[in-house]
């Protein structure tokens, strides 16, 4: 029996209509739809985005990935998930792993695909690109992310807060991913650089319940959700 194909399908940031036509086609043709399991028995974000596009005959496969930084714990989780995917692939079933945002942009899919490839090199893996959060947030703000020769920097701010000082010196536009846990420190840095007025935050970009904050000068304290992104133009007013 021919081995199934493993698809990594980008499903965008929240709005179900942001998936590409190719992504939708491959999603609906796959026998198995895999996704990161939600927390406390709830549906995960990627699952919620695609649920309206699925048909009753498709099998759902929730994969558990711990939110930790312990490399050994993570490695074991990737291997267990890869083996669950393999059990379906070896039976000839195509498996579509749906991932919020883009599958190549700070994505769970990257680690899962690498592990699966290491364990079973014969597996064919195909990635389908999509809308990632910086582009979605800029659209919600009604601004261009970059223009002309502007230089863009994207920081996974949870691990790189100290780098922000350096980046502000050379980048024209800075995007800080998942800023909620370090917002107070980021606010202080932006205040020192007089950049609060040109900074904006988007929570849950493209979701119906998204929240937008523009001009952070009077917002030193914000209780932000996990999926919060900050965009600051270091040289405002072109």
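Only the coordinates and a few stated rules stand behind these numbers; no lab work does. Given the structure is predicted, the values throughout are model-derived calculations rather than measurements. Cβ: placed from backbone, ideal geometry, glycine included. Neighbour counts: every protein chain shown.
Quick notes on this structure:
- Scanning the range 147-157 for residues being under 21 Å from the mean Cα position of the chain (by Cα) and loosely packed, with under 15 Cβ neighbours inside 10 Å gives a total of 2.
- Residue in the range 54-69 that is in contact (Cβ under 8 Å) with a residue 12 or more places away in the chain and at positive phi present: no
- Within the range 198-221, the residues that satisfy the criterion of being at positive phi and surrounded by 15 or more Cβ atoms within 10 Å (Cβ to Cβ) are 204, 206.
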